[in-house]
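Read-outs: derived from the displayed coordinates by stated rules, not from any lab. Keep in mind the model is a prediction, meaning the values are calculated, not measured. Here Cβ is always computed from backbone atoms with ideal geometry, including for glycine, and neighbour counts include all displayed protein chains.
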Amino acid sequence: MCAACALVAAVLAAFTALNPFHLAWGGPATAVLVGVTIALITAAAAVVPRRRANRVFTALLGVVLLAGWCAIAIVGLRFSGPQRDLTVVEGGAYRLVVVEGHAFADIAYSVHLRRGSGPLAQDTLVWQGLAEGSPPTLVRFHGDPATDRQVEVVAGPGCGYRSTFDSLTLGVDPVHRPLRLDGC
């Protein structure tokens, strides 16, 4: 029974890791499901050995793996830092949001495309600025969001970025990540 549950948890963890629909809760859900998978595999594997010493060793190995995964997940989720929405541009069912986040000690700005709310809310990155950079001067939908499915980010003089997005998965192509502060 634990093995079947572990398989289901592993499949769900793989799905949330891939996150093909860019669900907003994909990262934390992946961390939790991987932890549950490790715990279930440990429980299933600990009952297999006949000798008590092997069972204890298997259980301890699983606990160490789970503790290591929890540490990695907590550090990973903490490094993303607090985020704050600065500007929201509505376009029908879609929203372009300028987000202020933290990259270690520095402030970094990004632009996200969002749709929906609640458990099926979608959130995908459109543009990622560099640490110590300034927020974009303009974000907008290019044309009608329902038919044209294009977004535009103007990060500075002469630095305009245009991307298209898929209306079902909210996948953005291309995702722009400038390499220098002094240019595009």
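Brief remarks follow.
- One decimal place: the segment Val11-Ala105 gains 30.2 nm when fully extended, by the rule 0.36 nm per residue minus the C-alpha distance.
- If the chain linking His142 and Ala4 were pulled fully straight, counting 0.36 nm for each residue of separation and taking away their Cα-Cα distance, it would gain 44.9 nm.
- A Förster radius of 22 Å combined with the Cβ-Cβ distance from Thr87 to Ala121 puts the calculated FRET efficiency at roughly 0.75.
- Going from the fewest other Cβ atoms within 10 Å to the most, the residues Ser163, Ser134 appear in the order Ser134, Ser163.
- Most mobile of Leu61, Leu23, Leu125 in a GNM of the chain (Cα contacts under 10 Å): Leu61
- In nm, spacing of pseudo-spin labels at Asp166 and Val48 (7 Å Cα→C-beta vector): 3.6 nm
- Summarising the label geometry, the points placed 7 Å from Cα in the beta-carbon direction at Leu77 and Asp173 lie 3.3 nm from one another.
- The alpha-carbon atoms of the range 96-178, seen along their principal axes, cover 36, 33, 17 angstrom, with the largest extent given first.
- Against the set (1) 1.12; (2) 1.05; (3) 1.42, the structure's computed Rg/Rh (Cα atoms, Kirkwood Rh) falls on (1).
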